[in-house]
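Enquirer: Below is the structure I would like to discuss, written out as structure tokens.
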Amino acid sequence: MFEAKMLQSSVLKKIIESLKDLFSDANFDCSSSGITLQDMDSSHVALCYLKLRSDEEGFEDYRCDRNITLGVNLVLMSKILKCAGNDDVITLRAEDEPNILTFIFDSKNGERVSKYDIKLMEIDSELLGIPDTEYSCVVKMPSHEFQRICSNLSQLGDSVTVDCHKEGVDFKVAGEQGSGAIKLKQNTTVDKEEDQVSVELNEAVTQSFALKFLCAFTKATSLSDTVSLSLTQDTPIVVEYPIAQHGYLRFYLAPKIEE
Amino acid sequence: MIGQQKIYSFFRVA
């Protein structure tokens, strides 16, 4: 039996909304330590990795007697989650050898209980081994700032060059009709930590990425006030949104490399 | 010529 009771349905709603356009079908891997989801987009350029830890405060109850994989169509899941109020407590439930995933939405005042079942799918997806590595550069910034940068630069071109150096980080785009550049200086003196821009640098990195994917990742902006970008030359960028009281959502994007 | 890399070429298959 698997049963996870999440205090805030809005968190799951935001997660699924941010994933469903790039990753339409995905396996939720449930174990006693929590829920993980890893999925590649259909062009095999981007990867998402979600981790919701069972021992964090976001779960009121969590039970998983044996490891199970729940193959779900995320577009359908998003439709079901739209039936939940933002303040509803949401319970996910499945049997040990499940064909069905059950969603139960309890309203805050306890007056309304809704139950929805969806059919699970057999999804044949290849799990990739993502190594824990030190990155040459880790940039932390307000998530809305990163969203704005991606959205602004995507007006002019398809790829952005991210240039991390000790003073800060530069984002540059060069298209057929024009070019643009946004310089972000390191700023760790502002009062609120979530408004800071910080750059941890071991080695300078200059790398190009497809803006289409970065813009898609920023659909997760409402999950977190901050986002971190981890870069190493000639390896995928990691865009991480922490999820308070649960874990994190990471996106990996393969670089564009001179061939 | 800049080419888009594939994500799986960076991570070994688990």
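Read-outs: derived from the displayed coordinates by stated rules, not from any lab. Here the structure is a predicted model, which is why all the values come from computation and not from measurement. Ideal geometry is used to build each Cβ from the backbone, glycine not excepted, and the neighbour counts take in all protein chains shown.
Enquirer: Assuming R0 = 22 Å, can you tell me the calculated FRET efficiency for the pair A:Asn99 and A:Ser24, based on Cβ-Cβ distance, to the nearest 0.05?
Expert: 0.65
Enquirer: Test of understanding: in a Gaussian network model of chain A with alpha carbons linked when under 10 Å, which of A:Glu176, A:Glu60, A:Glu97 would top the mean-square fluctuation ranking?
Expert: The residue that fluctuates most here is A:Glu176.
Enquirer: Please state the shape class of region A:182-221: rounded when a/c is under 1.5, otherwise prolate if a/b exceeds b/c and oblate if not, all from the C-alpha gyration tensor.
Expert: It is oblate, given that a/c is not under 1.5 and a/b is not larger than b/c.
Enquirer: Oh, and also: By how many nm would the segment from A:Glu176 to A:Asp191 grow when fully extended, if each residue of separation counts as 0.36 nm and the alpha-carbon distance is taken off?
Expert: Between A:Glu176 and A:Asp191, full extension yields 1.3 nm more.
Enquirer: If you fit an axis through the alpha-carbon atoms of helix A:143-153 and take the longest principal axis of the Cα set of chain A, what angle between them do you get, 0 to 90°, nearest 10?
Expert: 60 degrees
Enquirer: For chain A, modelled as a GNM with alpha-carbon contacts under 10 angstrom, which of A:Ala174, A:Ala26, A:Ala210 fluctuates the most?
Expert: A:Ala174
Enquirer: By how many nm would the segment from A:Leu127 to A:Glu60 lengthen if fully extended, with 0.36 nm per residue of separation less the alpha-carbon distance?
Expert: Answer, rounded to one decimal: 21.2 nm.
Enquirer: Also: Enter the angle in degrees (range 0 to 90, nearest 10) between the Cα long axis of helix A:9-19 and the first principal axis of the Cα atoms of chain A, meaning the one along which they spread out most.
Expert: Value to nearest ten degrees: 50.
Enquirer: Could I ask something else about it? Distance from the Cα centre of region A:187-259 to that of region A:77-150, in angstrom?
Expert: Their Cα centres are 21 Å away from one another.
Enquirer: Would you mind computing, in nm to one decimal, how far apart the modelled labels at A:Ser198 and A:Lys119 are, each placed 7 Å from Cα along Cα→Cβ?
Expert: Between A:Ser198 and A:Lys119, the simple spin-label model gives 4.9 nm.
Enquirer: Another question, then. Would you work out which of A:Ile149, A:Thr188, A:Tyr49 lies farthest towards the positive end of the dipole of chain A? Charges go on Cβ: Lys and Arg +1, Asp and Glu -1.
Expert: Value computed over the given set: A:Ile149.
Enquirer: So what is the calculated 222 nm ellipticity per residue for chain A, using -39500 (n - 2.57) for each DSSP H run with n of 4 or more, over all residues, to the nearest 500 deg cm²/dmol?
Expert: Helix-only estimate at 222 nm: -4000 deg cm²/dmol.
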